[in-house]
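Below is one structure; the comments refer to it alone.
Where a number appears in this text, it was derived from the coordinates with a stated rule and is not lab data. What you see is a predicted model; the values in this text were computed from it and never measured. Here the Cβ positions follow ideal geometry from the backbone for every residue, glycine too, while neighbour counts run over all protein chains shown.
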Amino acid sequence: MAAILQSTGAPTQADFHAAISDRSDRWFSACLKITRNRDLAEDAVQDALLSAWNKRHQFDSSARLDTWIHRIAINAALQLLRKTRPNAFEPLDSEIADHGDTPESVQAEQELGRDLSAALTHLTEIERVCFVLKHLEQWRLKEIGDEIGANVGTVKQAIFRAVRKLRVRMAGLQGETI
Amino acid sequence: MNDDTLLLYYYNDGLSTRERRQVDAAINTDPDIAAQYEALCQQLNAMDDPEPHAVPSHMVQRWHDSIDRAAQQDLVSQRQPSRSFNLFSFAWGAAFAATLAIGISIGVYFSAAPLTAPTVIAENLAPPAAFTRGVSMYLRDTHQELATLPVATAAERTTLVLQIIEQNRLFERAAEQNNSQSLARVLRAFEPILLRLAADDIAPEDAEALRAQLAFELNVMLTKIARDSSNNSQST
């Protein structure tokens with residue numbers, strides 16, 4: 001079995017364990033930024049690992065296993081988000097005002113920590129997801145649009161709004177810490 | 001020039017080549033736009049990914065376990081479709097069938113026992129002697145199989161250990177049916193060690209260590225069963 005895996009370049013069980021030990025905190029953090037829910041983020045990583053394991057023979061051995069799993073985890077998180085909140089990515093016609101701290105945003109803020117993660121809790125679902133995928137995950141606008149079922153124009157608008165809000169929020173947070 | 005255009009310029013995405021050239025020119029010729037872009041870059045750089053959140057160890061363990069389980073399922077499903085005749089696997093199949101027959105016979109015999117002698121069963125919860133002998137035989141056979149287990153070749157080792165696991169589960173169920181929960185628990189405790197031994201990517205020295213551990217546990221179990229049988233026969 002080991003020989004078969006090596007000859008096709010597919011990652012082994014040990015490779016997966018090593019990747020989990022080294023990088024699972026990053027996968028989890030990325031999924032948490034998208035879902036804002038620890039259980040969903042945990043499940044997303046779990047789904048991604050099983051999916052990657054089942055598709056390991058399709059893995060391009062010139063790539064990095066942890067990067068590959070990271071990408072699958074993001075997709076899994078988006079899928080879970082869509083499942084639990086079906087209208088999450090509906091485009092908005094107008095600017096949504098920041099309504100301040102809601103109980104949900106306060107709890108998420110406590111779980112996510114301060115600074116960027118805290119500021120992200122004040123974005124709408126589509127703004128947060130588009131910003132995270134563009135700014136932190138470096139996806140192309142078209143990829144984001146394809147993934148969330150929106151056109152590039154909608155994705156751009158979501159990112160513009162997200163950045164505007166984050167600039168204000170983060171300036172405020174930095175002011176608080178001074 | 002508005003910030004949205006500068007933002008797309010920063011991301012190098014969403015602007016045509018012509019639009020990018022226009023922004024380039026504007027930044028190079030207009031100090032105000034250059035300052036505006038500089039401020040935007042600073043703010044965007046401050047939005048970079050912070051340190052990842054610490055993940056609880058139980059969560060990481062769950063992910064490790066899920067890979068082990070998936071790998072194990074793969075191994076089992078890879079064995080099942082194999083139909084080619086092989087003398088070695090035929091011998092193992094025959095041995096397994098015989099064990100299965102013994103196990104079923106023991107199960108049927110003792111599941112019928114309470115109907116004929118309910119008071120005896122209620123008073124004496126020790127496993128019946130025939131069952132104990134069956135378990136002892138199984139443990140001795142397993143001990144021998146482990147002694148000749150090819151630790152260096154993963155494929156053969158995996159096949160053999162998976163068959164031992166099947167037998168172990170059979171005896172574990174029989175132990176439960178025979179009111180011997182402690183024996184069932186011990187047999188169940190063998191399984192994680194056997195599963196690790198069945199893994200295809202285990203190093204030969206680790207396989208050897210696991211084999212030695214199992215051999216030791218089996219010996220302890222055999223000694224305990226022999227001692228309990230001797231105590232029971234003396235007391236009756």
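Backbone phi angles across the range A:142-156, fed through the Karplus curve with coefficients 6.51, -1.76 and 1.60 (θ = phi - 60°), yield HN-Hα couplings of 5, 4, 4, x, 4, 5, 9, x, 9, 7, 4, x, 5, 4, 4 Hz in residue order; Gly and Pro are listed as x. Counting neighbouring beta carbons within 10 Å and listing from fewest to most, the residues A:Cys31, B:Cys41 come out as B:Cys41, A:Cys31. Here the simple spin-label model places points 7 Å from the Cα toward Cβ, and for A:Ala14 and A:Gln58 these points are separated by 2.7 nm. Between the range B:133-207 and the range B:1-24, the C-alpha centres lie 65 angstrom from each other. If R0 is taken as 45 Å, the Cβ-Cβ distance between A:Val168 and B:Ala189 corresponds to a FRET efficiency of 0.15.
Among B:Val186, B:Val76, A:Val45, A:Val163, the order by Cβ neighbours within 10 angstrom, fewest to most, reads B:Val76, B:Val186, A:Val163, A:Val45. When B:Val161, A:Val152 are arranged by Cβ crowding within 10 Å, least crowded first, meaning fewest neighbours, the order is A:Val152, B:Val161.
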